[in-house]
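Read the structure below first, then the notes.
The values are calculated or read from the model by the stated rules, or taken from the named source; none is laboratory data. The structure presented is a predicted model; accordingly, all values stated were derived computationally and were not measured. Here Cβ is always computed from backbone atoms with ideal geometry, including for glycine, and neighbour counts include all displayed protein chains.
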Amino acid sequence: MVCVHGVSKRFGSTVAVDRAELCVERGEFVALLGPSGCGKTTLLRLIAGFEEPDAGELCVDERRVNGVAPERRRVGMVFQDYALFPHLTVAANVGFGLKRAARPERVRELLALVGLDGLGHRYPHELSGGQQQRVALARALAPAPAVVLLDEPWSNIDPLLRGSMRDELAAILRSLGASVLLVTHDREEAFSLADRIAVMREGRIVQAASPEELYSAPADRWTAGFVGAGNFLPGRIDGDLVETLLGRFPVVGRNGASDVDVLIRPELLELRPDPLGPAEVVGREFRGHDVFYRVRLADGTEVVSQRPSTELVPPGSRVVVSPHREPVRVFS
């Protein structure tokens, strides 16, 4: 539904997007995940037509759209600040891009879809932030776009409501079978919503994969650390195993190096209290459903263990660290 081939965009001496490659399949929900300033929003604006690429090709619904005006690209966009017209009613905002003859019926249909039936006469300032977001979504859906682009649409929502709003709007889009590209810097948001996640760094897409694959098989060390907490321990390859401070593990994704960094996720390290244990709990972060422990090993190396909140271990406790004997990823 959306194909980005070798797309680049500069602003003066700054390279915002650098030979980006990304495809969104029909009906797929893809999250574009990356740190602030990596080029996510610029790439979204390029697809929408608000910016033109310096190089590369953009296709929407199998049609090349380089140089095509935004309103002719069959793209709907929900902006971070919603960009509603303050002087227009909710109904007028939703129907803004529609032909007059089709407007009333289509507007009523969309307001019912997003749960704002009966509020068409109000103005944006008379609505809550969550309701304004629904108006923005209805407006984006009004012309039946081929793809819906979401630019961090939940960033202005109250944190207590963000989760429920996120789930509701995602459910609406999935019920329509919409093709969606969501820009976010929130890993939890990307993992919970997306069918596939494209990780962006310094203008490039470094990996596009399912949430499960991205977490368990990151393409490089930076991606491994960005998508989730991880312990990186020095290791040495010995045949099909790697030797580390915590023992020997089978290796996945060997890169040809002998001396490597070994990724062990915190949830794979169990802690067993033992007065004679070689390791010590030196920090604890209680998160309600789980706890992150900072543990100092016998040689001074510190690792992080994530355990259920039912397994409370006081700081200062001596422990034995028992890793799950699962295959591990290694990096040069």
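For G163, the conditions (1) modelled with pLDDT of 90 or more; (2) more than 10 Å from the chain's Cα centre (by Cα); (3) under 19 Å from Q80 (Cβ atoms); (4) not β-branched (V, I, T) all hold with the exception of (1). State whether one or more residues within segment 203-211 are of a type in the set (S, T, N, Q), part of a helix (DSSP H, G or I) and touching a strand residue (DSSP E or B) at 6+ places or on another chain (Cβ under 9 Å). Scanning segment 203-211 turns up no residue that is of a type in the set (S, T, N, Q), part of a helix (DSSP H, G or I) and touching a strand residue (DSSP E or B) at 6+ places or on another chain (Cβ under 9 Å). Residue count for segment 212-228, restricted to those that are in contact with a strand residue (DSSP E or B) (Cβ under 6 Å, 6 or more places away or on another chain) and of a type outside the set (S, T, N, Q): 4. The set of residues in segment 295-326 being surrounded by 15 or more Cβ atoms within 10 Å (Cβ to Cβ) and under 21 Å from T223 (Cα atoms) consists of V303, V304, S305, Q306.
Out of E243, E285, one residue alone is touching a Gly at 6+ places or on another chain (Cβ under 8 Å) and either among the basic types (K, R) or without any contact (Cβ under 8 Å) to a residue 40 or more places away in the chain (or both). It is E243.
Can you pull out every residue in segment 222-238 that is part of a helix (DSSP H, G or I) and either buried (at least 17 other Cβ atoms within 10 Å of the Cβ) or of a type in the set (D, E) (or both)? Correct list: T223, A224, F226.
In segment 57-113, which residue that is modelled with pLDDT under 90 and small (G, A, S) is nearest to L22 (Cα to Cα)? Across segment 57-113, the extreme among qualifying residues is A83.
Okay, residues lined up against (1) over 13 Å from the mean Cα position of the chain (by Cα); (2) farther than 30 Å from R307 by Cβ:
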position	(1), (2)
I172	yes, yes
E188	no, no
V199	no, no
L214	no, no
P218	yes, no
G228	no, no
L233	yes, no
